[in-house]
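Colleague: Below is a structure I'd like to ask you about.
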Amino acid sequence: MGNQPFFSLEGPLDAIPAPGQMRAANLDGFAGFVRNLGGDPRRLLERHGIDPRVIRAPDDYITCKSLVDVFEDCSTQFNDPLFGLRLAQLQEPDVFGCVTALCRSASTFREAVTSLIEYLPVIHSPMTILELVEGKQTAELRWGVRSDLGSNTQAHYQGALLDLKLFRLIGGRGFQASYVNLAVDMRSRDVPDIESRLGCVFHGKAATNAIAFPAAVMDQSIPSANRLLFRLLSGYLDRVKAVSRTTVVERVEDYIRGSLPSGSCSIEHCAKKLGTSVRTLQADLSERGLRFSDILEEQRIHLASNYLGQDQLTLDEVAVLLGYSEQSSFGRAFKRWTGSTPQQFRAVQVPPPATSTNRM
């Protein structure tokens, strides 16, 4: 391997949600569920400023307020006081993306819960506040939000059941929650139905949202533990959290790095990913004296120099990684950037292979 690092990244592989945003994955199954209730999902989403296309793009971002409002609207429109809970029944804990994979690869339940608390606000929604409170007999995962989102009953129902599903996934069949507390105002007659769907005792009108379970569970091992995967994911997420790349330019740079190999890197896709409009994104960049194309070219130049220094990558592979469909297009662009061809640049950057001498 010479002096090359065994494993490295140029930076985050994707933009993270900005304050007040969250991944659109919480809308998984929303369209079909609403249609079954006789509603129009597109109209409902657009009414609350959500681009309906995010239904097919769980890693795109929407505002937390929009999600809360559309859930409350659905609850009223369909006369369904448990809309969020029933939607969550159709969903899987994979809604939490790579954080779910990290929790599943943890060695113990404690390590999984700690990872959830540490990284969910980084990757899924910065608005979320999570806390673990341990007693001698019972432990509680408590959660809330950083600012007032108004009526938030349905999102709390959804969050509680998704958290429970994650705990059951990592804790195995033997996991049993002791109770769920939610800061929601519900009808007394709905409690039996809520408890049936949650699978445990439920207390509404609570001061704090919490899922309780036996403290002894914390040190139980997880059957799906995978130390290699855990170290890779947690190491990456630690770096993402540490750099805290939240300015518009940094988020565009991170989007570009992650989307270049797909061949679909564009300002339109970037704006949709970041939960804004093309016009707003252009204006934000213009205020900083930049254009999307400027940042795109800068990232390509930087990445190209790095990739060409890795002799295991062919020029065709480098072109694909930079979003070019043909090596010739990459070659012309690279010569325009640097004045030399990729072959010439690589010849200078990559040292010749070491030779060995056999001795008698």
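The values are calculated or read from the model by the stated rules, or taken from the named source; none is laboratory data. For clarity, every value in this text was computed on a predicted model and none was experimentally measured. With ideal geometry, Cβ positions are generated from the backbone for all residues, glycine too; neighbour counts draw on all protein chains shown. Just the protein is used for accessible areas: all its heavy atoms, side chains included, with ligands, DNA and RNA removed. Shrake-Rupley method; radii C 1.70, N 1.55, O 1.52, S 1.80 Å.
Colleague: Placing +1 on the Cβ of each Lys and Arg and -1 on the Cβ of each Asp and Glu in segment 227-360, which of GLY263, SER293, LEU232 has its Cα farthest towards the positive end of the resulting dipole?
Modeller: About the Cα centre, the residue reaching furthest to the positive side is LEU232.
Colleague: Taking a cut-off of 16 Å between Cα atoms, list the aspartates and glutamates near LYS65, but don't count ones fewer than 8 places away on the same chain.
Modeller: The reachable aspartates and glutamates, counting only those whose Cα sits under 16 Å from LYS65, are GLU46, ASP51, ASP73, ASP148.
Colleague: Tell me, what is the percent relative contact order of segment 269-343, built from C-alpha pairs under 8 Å that lie six or more residues apart?
Modeller: Once divided by the residue count of segment 269-343, the mean separation gives 16 percent.
Colleague: According to a simple spin-label model (label point 7 Å from Cα along Cα-to-Cβ), what is the distance in nm between SER328 and THR108?
Modeller: My value for the distance between the label points is 6.1 nm.
Colleague: Positive end of the dipole of the chain, charges at C-beta (+1 Lys, Arg; -1 Asp, Glu), about the Cα centre: which of LEU169, ALA283, GLY29 has its Cα farthest in that direction?
Modeller: Checking the options against the dipole of the chain, the answer is LEU169.
Colleague: Counting only heavy atoms of the protein chains, get the accessible area per residue of segment 117-175 (1.4 Å probe) and round it to a whole Å² value.
Modeller: Counting only protein heavy atoms, the per-residue value for segment 117-175 is 42 Å².
Colleague: Roughly what % of DSSP beta bridges within the chain run antiparallel, to the nearest 5?
Modeller: So the antiparallel bridges amount to about 85 percent of the total.
Colleague: Charges only on Cβ, +1 for Lys and Arg, -1 for Asp and Glu: so what's the dipole of the chain about the Cα centre, in debye to the nearest 20?
Modeller: So the dipole magnitude of the chain works out to roughly 400 debye.
Colleague: Semi-axes of the equivalent ellipsoid for segment 273-343, please: Cα gyration tensor eigenvalues, times 5, square-rooted, ordered largest first, whole Å.
Modeller: 28, 13, 10
Colleague: OK, next. For the pair LEU290/ALA225, report the inter-label distance in nm, with labels modelled 7 Å from Cα in the Cβ direction.
Modeller: 4.3 nm
Colleague: Follow-up question, since we're still on this one. How big is the convex hull of the Cα atoms of segment 100-208, per residue, in Å³?
Modeller: 109 Å³
Colleague: Taking a temperature of 20 °C and a viscosity of 1.002 mPa s, what whole-number D in µm²/s does Stokes-Einstein yield for the chain with Rh from Kirkwood over alpha carbon pairs?
Modeller: This corresponds to a translational diffusion coefficient of 93 µm²/s.
Colleague: Once the mean 1/r over all distinct Cα pairs of segment 1-147 is inverted, what Kirkwood radius in angstroms do you read off?
Modeller: 17.3 Å
Colleague: Output the peptides 78-87, 156-165 sorted from most to least packed, where packing is the average of other Cβ atoms within 10 Å over each peptide's residues.
Modeller: The peptides rank, most packed first, as 156-165, 78-87.
Colleague: Report Rg (one decimal) and Dmax (nearest whole number) for segment 210-284, counting Cα atoms only, units Å.
Modeller: Using the Cα atoms of segment 210-284, the pair Rg, Dmax is 18.8, 54 Å.
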